[in-house]
Amino acid sequence: METNPDRYVEAFMAQLIARNPGEPEFHQAVREVAESLAPHIAASPVLQKMKILERMTEPERVVIFRVPWLNDRGEIEINRGYRVQMNSAIGPYKGGIRFHASVNLSILKFLAFEQTFKNSLTTLPMGGGKGGADFNPKGKSDNEVMKFCQSYMTELARHIGRDTDVPAGDIGVGGREIGYLFGQYKRLRDEFTGTLTGKGRDWGGSPLRPEATGYGVCYFTEEMLATRGDSLAGKTVCISGSGNVAQYACEKATQLGAKVVTLSDSSGYVHDPEGIDAAKLEYVMELKNVFRGRIKEYADRYPQATYHPGERPWGVACDVAMPCATQNELDGNNAQALVDNGCICVVEGANMPSTPEAIRIFQRHRLLYAPGKAANAGGVATSGLEMCQNSMRLSWTPEEVDARLHGIMRDIHTMCVRYGTQADGYVNYAAGANIGGFMKVANAMLAQGCV
Ligand code: GLU
């Protein structure tokens, strides 16, 4: 039994790194959680004896498979497909599928690990999983995307099911891809069930699922600001990314009276000092979702906006920052720039967008800082609501789903405050989310024995 928290973390991480070499993102995600949990685990003989964190960091199952497909020139292309089934202690594996050139086992294990905690925080019965492929959707035709989705699902279908594992979207997987994946799943299994979430409204999808992650980020932001008697009204907000999460975070923040001044993609960011209002956002949505264009084009359409190639938006002065693009997109220098420019609140729409150094800077300066596993949980929570509607074979109204989403984000915030409030009153949302998410999964694992 190790009773010293620091020594516990170092010994635990040394073992984890030795067992999982060459997986830096997975190490980073686990270390962040291990540091928060260390005081609890170091004081708990039962958690140590039952090897709860050791088991939580070993996926229950990983499937890796060949995804061959024919491109529009009739040539064979080969990608690598994955599904990481991390933890099923509190429900079927649940988590998105990512199609991006950078996808590898380290990234999917970090995402599946984070998902386990996030899903636990939603209060719904969902375990943790994540999948994807190193497929680069950029520049691919609709036909090629469909061929790829069908080939990927041909293998994945045997590993998933409505009570086993329920995938959804993530980077590179939106409504179009879920449609192709669901079509192939249904054809192979000859069943119409809620095995994927993020489906279209007319064929089993939940109202508000597309909006849920971004809206949830803003609802969580409102809860955080309210702890300091403040709100989003009148705030200047910097958002990174221009995909699903960024778009609906921009929409809701604007509806709540904030001015969103940036959006970005992997090539650069646009700064619109006048604010990206509803009409401009409609243009962005068409540009990104229909024409699959680049954010650079925003500055051609709206001349008061400037485009900054190769840069991230964190040097722009703002009150609230919402990183909604990807992992490790906000480093220590970016964090310092935000602090120096007067930012008071950082809310993560993406998964692990802030580096450990950036998080330390936010916390040292006592910013309101919320990790993705709490702040962006509205997406998967609404997936949970979609599963629920599918099981009941009925559909709720958008108002009903929105009210539930709002309630869940409020509950997650309460959980973070309960477990993350420090002696000086500062709320460490990262610690609160890690401890709150862990408790339920750990208790379930303890109850279910050595499995
Ligand atoms: N990919 C999203 C996430 O990171 C959603 C997962 C889901 O809806 O299952 O939480």
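The values are calculated or read from the model by the stated rules, or taken from the named source; none is laboratory data. These numbers come from a predicted model, not from an experiment. Note: ideal-geometry Cβ built from the backbone for every residue, glycine included; neighbour counts use all protein chains shown. Note: accessible area is taken over every heavy atom of the protein model, side chains too, but ligands, DNA and RNA are not part of it. Shrake-Rupley method; radii C 1.70, N 1.55, O 1.52, S 1.80 Å.
Considering all alpha-carbon pairs of region 253-325, what whole percent are spaced by more than 20 angstrom? Percent of Cα pairs beyond 20 Å in region 253-325: 23.
Here the accessible area is traced with a 1.4 Å probe on the protein chains. For region 32-173, carbon and sulfur cover 51 percent of it. Take the Cβ atoms of V451 and F291, set R0 to 56 Å, and the FRET efficiency comes out at 0.70. Between N333 and N4, the modelled label-to-label distance comes to 3.6 nm, taking each label 7 Å out from Cα in the direction of the beta carbon. Of the chymotrypsin sites (Phe, Trp or Tyr not before Pro) found in region 291-346, those that fall in a DSSP loop while having at most 15 other beta-carbon atoms within 10 Å are F291. Loop-resident chymotrypsin sites (Phe, Trp or Tyr not before Pro) (DSSP state other than H, G, I, E or B) in region 156-265 with no more than 13 further Cβ atoms inside 10 Å of their Cβ: F192.
Compactness ratio for region 336-451: Cα radius of gyration over 2.2 N^0.38 Å (N = residue count) comes to 1.27. At a 1.4 Å probe, what is the % contribution of carbon and sulfur to the accessible area of region 328-451? C and S fraction of accessible area: 54 percent. For a distance above 44 Å, tell me the whole-number percent of Cα pairs in the chain that qualify. The proportion of pairs with Cα distances above 44 Å equals 7 percent. Entry note, region 41-89: relative contact order of 35 percent, from Cα contacts under 8 Å with a spacing of 6+ residues. Taking the alpha-carbon centroid of each part, what is the distance from region 117-173 to region 237-268 in angstrom? Their Cα centres are 25 Å away from one another. Please work out how much accessible surface R80 shows to a 1.4 Å probe, ignoring ligands, DNA and RNA, in Å² rounded to 10. Counting only protein heavy atoms, R80 exposes about 130 Å² to solvent. Legend note: in the chain, cysteines whose Cβ sits 4.7 Å or more from every other cysteine Cβ are C149, C218, C250, C324, C343, C345, C388, C416, C450.
Could you compute the FRET efficiency for R201 and K138, with r as their C-beta to C-beta distance and R0 at 25 Å, rounded to 0.05?
Once the sixth-power term is evaluated, E becomes 0.35.
For the chain, the per residue solvent-accessible surface stands at 39 Å², with DNA, RNA and ligands left out and a 1.4 Å probe.
Among K140, K296, K235, K373, the order of accessible area from largest down is K296, K140, K235, K373, computed with a 1.4 Å probe on protein heavy atoms. Using θ = phi - 60° in the Karplus curve 6.51 cos²θ - 1.76 cosθ + 1.60, the 3J(HN,Hα) couplings for region 171-183 round to 4, x, 10, x, x, 4, 5, 4, x, 5, 5, 5, x Hz; x is entered for Gly and Pro.
Compare the peptides 127-133, 154-160 by average per-residue count of other Cβ atoms within 10 angstrom and give them in order, highest first.
So the peptides 127-133, 154-160, ranked by packing, come out 127-133, 154-160.
Bridging of K109 to lysines at a Cα separation below 18 Å is possible for K94, K118, K130, K373, once same-chain residues fewer than 8 apart are set aside. The string of couplings for region 192-199 from the Karplus curve (6.51, -1.76, 1.60, θ = phi - 60°) is 10, 10, x, 6, 10, 10, x, 6 Hz, one whole number per residue in order, with x for Gly and Pro. In this label model, A423 and T164 are separated by 5.1 nm, measuring between points 7 Å along each Cα→Cβ vector. What FRET efficiency comes out for E58 versus S102 if R0 is 22 angstrom and r is the Cβ-Cβ distance? Round to the nearest 0.05. Computed FRET efficiency for E58 and S102 comes out at 0.40. Each residue, R301 and D411, gets one label point 7 Å from its Cα in the Cβ direction; the gap between the two is 3.8 nm.
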